[in-house]
1. Would you check if SER461 is under 23 Å from ILE497 (Cα atoms), touching a residue at least 40 places away in the same chain (Cβ under 8 Å), among the polar types (S, T, N, Q) and open to solvent by less than 40 Å² (accessible area, probe 1.4 Å)?
2. So, ILE179, is that one over 17 Å from the mean Cα position of the chain (by Cα) and open to solvent by less than 30 Å² (accessible area, probe 1.4 Å) or not?
3. Any residue at all in the stretch 286-304 that is in contact (Cβ under 8 Å) with a residue 40 or more places away in the chain and in a strand (DSSP E or B)?
4. Which count do you get for residues in the stretch 73-99 that are in a helix (DSSP H, G or I) and either among the basic types (Lys, Arg) or open to solvent by 10 Å² or more (accessible area, probe 1.4 Å) (or both)?
5. Quick one: in the stretch 35-52, which of the residues that are hydrophobic (A, V, I, L, M, F, W, C) and open to solvent by 40 Å² or more (accessible area, probe 1.4 Å) is nearest to GLU4 (Cα to Cα)?
6. Quick one: in the stretch 54-72, of everything that is aromatic (Phe, Trp, Tyr) and either in a loop (DSSP other than H, G, I, E, B) or touching a Pro at 6+ places or on another chain (Cβ under 9 Å) (or both), which residue is surrounded by the most Cβ atoms within 10 Å (Cβ to Cβ)?
7. How many of the residues in the stretch 306-327 are assigned to a strand (DSSP E or B) and over 25 Å from PHE430 (Cα atoms)?
8. Does the stretch 343-366 include one or more residues that are open to solvent by less than 20 Å² (accessible area, probe 1.4 Å) and either basic (Lys, Arg) or part of a helix (DSSP H, G or I) (or both)?
Amino acid sequence: MQKEIEIALIPAEVQDEQRILSEGAKKLRIPEKRIQGFHVRKRSIDARGRQVLFRMRVVYFIDEPAAAPVYATKLRSVQDAEPVIIIGAGPAGLFAAYRCLELGLKPIVVERGKQVKDRRRDLAKINREGLVNPESNYCFGEGGAGTYSDGKLYTRSNKRGDVQQVLSIFVEHGAPEDIMVDARPHIGTNKLPHIIESIRERILEFGGEVHFDCKVTDIIEQFGQVQGVHTTTAGTLHAKHVVVATGHSARDIFELFRSKGWLLEAKPFALGVRIEHPQEVIDQAQYHCSVRPENLPPAYYSLVEQVDGRGVFSFCMCPGGIIAPCATDADEIVVNGWSPSKRNNPHANSGTVIQINLEDVVGADQDPFALLAFQRQIEQRAFTLGGGQLVAPAQRMVDFVENRVSMDLPENSYKPGTRSVDLREVLPNFVHEALRGALPIFGKKMKGYYSNEAILVGVESRTSSPIRIPRDKDTLQHPQVAGLYPCAEGAGYAGGIVSAAIDGMNCIDAIKR
C-alpha cells in the first residue's frame, strides 16, 4: 500500500531519512516498522514565517517494498524512417528530435551555431574582448540560449504537456534527480553542457542526424507544401515536415518569411533592465536572518507591481548568479542572467521588465516588424551609450529613481564592464517611469531591496520574441504552408526551457497524427 502525505521539516532535517520516516509514521498513525521506504514527490521552501520550513509531499510504502523511480525512454532506430527537418538545436529542437526517436521518425537537426563545447571559446571572447560571433554566442549554438544561461526549469506549462516527462529525460541524461522534486528545479550552466551532449549522442545513436555550423538559407515550398531546406554546409535537405525551432533571436528567419510573403504577426514582449544585489541582502530579506544557514540554498524572489496601469515584474531571477552579455550582433547590448548549479556567486540578479504592447509602438498593428525594429533600436542605443566592446550602461538603483547619474558603480558580475549612464537616455520614457515607480514599492515589500548597493544594467530585451509566426491551433502548421511547424519561443509559443521542450514534442506529435 502507498500513501502520499505532506510533511514539514526544518532545514537541518530535510536530508535526514530517519526523520522523514518518523514524521511519516506519526502523521499516518502507524508503527514506523511498517514503512519500508519512501519517495519524495515534491519539495518547496516556505519562508513566510520566522522559522523557514521545507514542505514536502512524500509517498510512503507501507507493508510493501519501496519502488525506486525509473528514468528510461523507449526509443526506436530511425535510420531509414520518414525524415523530419528541425531547424535549431535549442530545447525545442532537441526535444522534438528526441520525440521523433520515440515515434519512429528520423530527425535531421540543423543548427547554425557550434557544438556545446566549441561555443565556450566564442563566449570567452564575448566576455573578455567584447567580440560577438553572430553565429555562435549565448543565443546560438547547441542547446540554444538555455545552455549557457542557467537551466532554470521552473514552468507553469502543465496544461501544455507533460512537464515530468521533460524533467525525466534530463535526469536520464545526467541531471540530478532533485529536479523531479524541487518546486523551482534548476540544473546550472556548469552541468548543462554534458547533459546536452548526452541527448545529442542518443539522437545520433538511434539514427538521427545533427548538423552544426549549418545555417538554413531557404525553406523550400511548392504548391503550398514544404519540401525541405537549403543550407550553407549540408546542401539541400528534403522532407515533407519542417519544424522551425530557431529561438527568439533568429531575426533572419523572420526576414525569410517576409521575403516569401508568409504570414507574421507583431507580438508583445517585455523590456527593462537586469537588477543585481549582493546575494546576502536577498538572503537576509527572505530568510529573516543575518547570515544564511548552510542548509538553505541562496534565496530567490518574485516581485510584481502595477504602476499607472502597467505591470512591472521580476523575471528569470538568478540567485548566486552572473549577468551575461547575450547580444547576437556586434552593435547591440543585450543582458541576461545565469547561475552555476551551486549558485555560489556573491551576487543575485533578476530581469525587471515591463510589457511592450502593440499600442506602444506606432504602426505595430499594421507592421509585424515594428516591435522588432523598436527592440533593436533600444539595444543599439544601449551599445552606443556603453561606449563599445559590450560595456553596458548602468546606474545605481536609488540614483535611477531620483534621476541622478551615479558617481560610481558597485562591484558587479557583468564581465565586459559597466559604464555610469543616465538610463533615461536608454529606455523609452514609459518604461523608465514605470520602473521608477515600482522599485521603491518593491523595497517596501522586501527589506533591503531598494538600495544604492543595487545596480541596474541595461538592457533586458530578449525575454521573448517580438514577432509571432502564426499556426493552426489543431495541426500546429503554418496556415499557408502545409508541413511547416512554427515552434516554441522564436515563433511565440513558449517562454523557457521546459515550455519550449514541450512545444517541440507537441509539434512532433502533430506530425505523427
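The values are calculated or read from the model by the stated rules, or taken from the named source; none is laboratory data. It should be emphasised that the depicted structure is a prediction, and the values quoted were computed from it without experimental measurement. Virtual Cβ from ideal backbone geometry, glycine too; neighbours counted across all protein chains shown. Just so you know, the surface numbers come from the protein's heavy atoms only, side chains and all, with ligands and any DNA or RNA stripped out. Shrake-Rupley method; radii C 1.70, N 1.55, O 1.52, S 1.80 Å.
1. On the way: under 23 Å from ILE497 (Cα atoms): yes; touching a residue at least 40 places away in the same chain (Cβ under 8 Å): yes; among the polar types (S, T, N, Q): yes; open to solvent by less than 40 Å² (accessible area, probe 1.4 Å): yes.
For SER461, the condition - under 23 Å from ILE497 (Cα atoms), touching a residue at least 40 places away in the same chain (Cβ under 8 Å), among the polar types (S, T, N, Q) and open to solvent by less than 40 Å² (accessible area, probe 1.4 Å) - is met.
2. No: the conditions fail for ILE179.
3. no
4. So the answer is 2.
5. PHE38
6. Among them, the one singled out is PHE54.
7. 3
8. Checked the stretch 343-366: no residue is open to solvent by less than 20 Å² (accessible area, probe 1.4 Å) and either basic (Lys, Arg) or part of a helix (DSSP H, G or I) (or both).
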